[in-house]
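Asks: Sending over a structure as C-alpha cells; questions will come in a sec.
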Amino acid sequence: MAELHPQIVHVTIILALAGVAFRLLSFVSRLSFAGPAAAVLLIVAAGSSVLSVQSGTDAHGPVERVPGSRPAVVEHEEWGERARNILLVLGAIELLGLALWKSPKVRMVHMASGVVGLVAAFAVYEAGQHGGELVYAYAGGVGIRSGDPRDVERLLIAATYHQAQADRKAGRPGDAASLIALTAKRHPADPEMQMFAAESLLLDEKNPQGALDALASVTPPEGNRILIGRKATLQADAYEAAGQKDQAIAVLEKTVAAFPSPRMQQRIDALKGGAR
C-alpha cells in the first residue's frame, strides 16, 4: 500500500479532524446530526488510521535509506503511531457511546470522547506536520512513489535547479555551472534542460559564445511558443553580452513575427534605443 500512503493519510486527517469538530459541536449546538456524525467519522477515522500507519510502514524503506533522512522518517512514524493509537481509543469510546445511547451515562462517554478527541487532533496535526517536513525538506517519497523512472529524472532536474539557485545566491557560480552541466549531460534530448545549461554558460561562466553554440543545437518543439520564445530570449541575452545588439534584435524580431509578444517587443525597442 506504499503508493497509496498520501491518499490514505489525508483521508484519515480529514475524518479525524471533522469528527472531533462534530463531537465538540454536539456539546454546544442543537443540531441533531452532530453527535451521530461525530461517531461515524471518528470510528471510520480509527480504522483508516490503521491503514495509514501500515501504508507508511510499507513506504518508509527507500525513503529512510536516503542519507540524512532517517531521523525525520522515524519521527514521522512515531507520531503516526501515536495518532493511530489515540484514534483507536477514541473509536472505542465512540462505540461505547453507541452501545449506551439510551443510558444517562452516554453524555459522560461523549465528554470523554471530546477530551480524547482534542488529544487525537494534536497527534494527527503533529504526524501531518512531520510528514510534510519529510516530504518538503527531505523529498521523502518524491520521485519514487509511482515507480516511474521519469519521476526520478524530474526530481533530479528540480533538485539541480534549486541547488543552482542556492549556489548563485551564495556566490558560488562555479558550483552551479558544474551541477547544471552534469545534469544536462544526462538529459541531452530535453530542450528545457539544454537551455538551462546554455543559460548557465552565460550567467555562471560568463561565456556568451559558448551559450550561443549550445543554443544552436537546441530545437524546441514546433509550435511551442513558450520554449521558442525562451530560446530566442536567451540568444538575445548572449548576443547582447557579446556586444552584438544587431544580432540580438534580429533574433527577437524573427520570433515576434511568428509569435507576437508585447514583452519581447519591449525588449526589441529597448535594444534599438540603446543602440542609438
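Asks: Inspect the range 80-95 for any residue being touching a residue at least 40 places away in the same chain (Cβ under 8 Å), part of a helix (DSSP H, G or I) and under 25 Å from the mean Cα position of the chain (by Cα) and give the result as yes or no.
Replies: Yes, there is a match, as at least one residue in the range 80-95 is touching a residue at least 40 places away in the same chain (Cβ under 8 Å), part of a helix (DSSP H, G or I) and under 25 Å from the mean Cα position of the chain (by Cα).
Asks: In addition: Quick check on the range 3-52: of everything there that is of a type in the set (D, E, K, R) and in a helix (DSSP H, G or I), which residue is surrounded by the fewest Cβ atoms within 10 Å (Cβ to Cβ)?
Replies: GLU3
Asks: A further question on this structure: Looking only at the range 109-134, which residues are surrounded by fewer than 17 Cβ atoms within 10 Å (Cβ to Cβ) and among the hydrophobic types (A, V, I, L, M, F, W, C)?
Replies: If the condition is that a residue be surrounded by fewer than 17 Cβ atoms within 10 Å (Cβ to Cβ) and among the hydrophobic types (A, V, I, L, M, F, W, C), then MET111, ALA112, VAL115, LEU118, VAL119, PHE122 are the ones that fit.
Asks: Being touching a helix residue (DSSP H, G or I) at 6+ places or on another chain (Cβ under 6 Å), assigned to a helix (DSSP H, G or I) and more than 22 Å from GLY229 (Cβ to Cβ) is the filter here, so list the residues in the range 182-214 that pass it.
Replies: Once the filter is applied, which keeps residues that are touching a helix residue (DSSP H, G or I) at 6+ places or on another chain (Cβ under 6 Å), assigned to a helix (DSSP H, G or I) and more than 22 Å from GLY229 (Cβ to Cβ), the range 182-214 yields only THR183.
Asks: Oh, and also: Among the residues of the range 53-71, are any surrounded by 16 or more Cβ atoms within 10 Å (Cβ to Cβ), at pLDDT 95 or above and under 19 Å from VAL115 (Cβ atoms)?
Replies: Checked the range 53-71: no residue is surrounded by 16 or more Cβ atoms within 10 Å (Cβ to Cβ), at pLDDT 95 or above and under 19 Å from VAL115 (Cβ atoms).
Asks: Going by what's in this entry, would ASP167 be described as buried (at least 16 other Cβ atoms within 10 Å of the Cβ) and modelled with pLDDT under 95?
Replies: No: the conditions fail for ASP167.
Asks: Would you check which residues across the range 139-154 are of a type outside the set (Lys, Arg) and either assigned to a loop (DSSP other than H, G, I, E, B) or within 12 Å of LEU4 (Cα to Cα) (or both) and list them?
Replies: Correct list: ALA139, GLY140, GLY141, VAL142, GLY143, ILE144, SER146, GLY147, ASP148.
Asks: Mind telling me which of the residues GLY171, GLY143, GLY132 ends up being of a type outside the set (A, V, I, L, M), at positive phi and free of Cβ contacts under 8 Å to residues at least 12 places away in the same chain?
Replies: GLY171
The values are calculated or read from the model by the stated rules, or taken from the named source; none is laboratory data. All of these numbers come straight from a predicted model, not from anything done at the bench. Reconstructed Cβ throughout: ideal geometry from the backbone, glycine too, with neighbour counts over all protein chains shown.
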